[in-house]
Amino acid sequence: MIAKKVSIDEITPDDIGMIDSPFQHITEWESKNIYLPKYKELIASEYQELPRGRVVYCDLTKKVTVYMDSSLFSLVNKKKVINYFDITNSNVEVIWKKDSHYKTYNY
């Protein structure tokens with residue numbers, strides 16, 4: 001898993017209580033090379049070629065929504081996301097959603 005996170009304490013919720021990171025996949029992949037140094041074999045790849053997703057928290061409902069490519073819907077991957085983003089609070093509901101925005105494209 002290649003991921004980047006920011007503490008929800010560092011982000012101001014929007015008008016409807018949503019907390020989303022300011023990160024953009026294209027910037028993190030193409031400008032910041034988020035996959036280096038661990039995944040050098042990905043240097044010539046496009047971010048759209050790999051399964052990806054996004055974690056969004058709603059401060060009003062205390063729910064986390066994880067949007068991701070359909071290929072990532074396994075218990076193993078869900079556990080990785082929960083652990084990496086520290087979504088371990090039993091009072092927080094996690095909603096898993098497929099989203100066409102995070103669909104993988106191979107050229």
Subject >> Sole exception among (1) within 20 Å of Thr104 (Cα to Cα); (2) at pLDDT 95 or above for Lys79, by number >> reply: (1)
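Could we say that Lys4 is in contact with a helix residue (DSSP H, G or I) (Cβ under 8 Å, 6 or more places away or on another chain), closer than 25 Å to Thr88 by Cβ and among the basic types (Lys, Arg) here? I'd like the intermediate steps shown before the answer.
Numbers: in contact with a helix residue (DSSP H, G or I) (Cβ under 8 Å, 6 or more places away or on another chain): yes; closer than 25 Å to Thr88 by Cβ: yes; among the basic types (Lys, Arg): yes.
Here the answer is yes, as Lys4 does meet what is asked.
Within the stretch 33-60, can you find the residues that are out of contact with any Phe, Trp or Tyr (no Cβ under 6 Å at 6 or more places or on another chain) and hydrophobic (A, V, I, L, M, F, W, C)? If you could, list the steps in order and put the result at the bottom.
To start, the set of residues in the stretch 33-60 that are out of contact with any Phe, Trp or Tyr (no Cβ under 6 Å at 6 or more places or on another chain) comprises 33-41, 43-46, 49-51, 56-60.
The answer is Ile34, Leu36, Ile43, Ala44, Leu50, Val56, Cys58, Leu60.
Here's a check for you: in the stretch 56-79, which residue that is closer than 18 Å to Glu93 by Cβ and among the polar types (S, T, N, Q) is surrounded by the fewest Cβ atoms within 10 Å (Cβ to Cβ)? So that I can check it myself, show each step before the final result.
Filtering the stretch 56-79 down to residues closer than 18 Å to Glu93 by Cβ leaves 56-68, 73, 75, 78-79.
With among the polar types (S, T, N, Q) added as a condition, the list becomes 61, 65.
Working: Thr61: 14, Thr65: 18.
In this case the residue turns out to be Thr61.
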Original post:
Just to be sure, is Ile95 closer than 13 Å to Met1 by Cα, at pLDDT 90 or above and either out of contact with any His (no Cβ under 7 Å at 6 or more places or on another chain) or not small (Gly, Ala, Ser) (or both)?
Top reply: no
Subject >> Residue pairs meeting the criteria (Cβ under 6 Å; at least 6 apart or on separate chains; first without any contact (Cβ under 8 Å) to a residue 60 or more places away in the chain, in the stretch 1-16; second assigned to a loop (DSSP other than H, G, I, E, B) and of a type in the set (Gly, Ala, Ser)) >> reply: Val6/Ser21
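Among the candidates Tyr39, Tyr57, Tyr35, Tyr105, single out the residue that is touching a strand residue (DSSP E or B) at 6+ places or on another chain (Cβ under 9 Å) and touching a residue at least 24 places away in the same chain (Cβ under 8 Å).
On the way: Tyr39 fails: touching a strand residue (DSSP E or B) at 6+ places or on another chain (Cβ under 9 Å); Tyr35 fails: touching a strand residue (DSSP E or B) at 6+ places or on another chain (Cβ under 9 Å); Tyr105 fails: touching a strand residue (DSSP E or B) at 6+ places or on another chain (Cβ under 9 Å).
Just one listed residue meets the conditions, Tyr57.
On the basis of being of a type in the set (A, V, I, L, M, F, W, C), within 15 Å of the chain's Cα centre (by Cα), closer than 23 Å to Thr104 by Cβ and loosely packed, with under 15 Cβ neighbours inside 10 Å, does Ile34 make the cut? Give the steps one after another, and end with the answer.
Details: of a type in the set (A, V, I, L, M, F, W, C): yes; within 15 Å of the chain's Cα centre (by Cα): yes; closer than 23 Å to Thr104 by Cβ: yes; loosely packed, with under 15 Cβ neighbours inside 10 Å: no.
Criteria not met by Ile34.
The values are calculated or read from the model by the stated rules, or taken from the named source; none is laboratory data. Small disclaimer: the values here were computed from a predicted structure and weren't measured. Neighbour counts run over all protein chains shown; Cβ positions are idealised from the backbone, glycine included.
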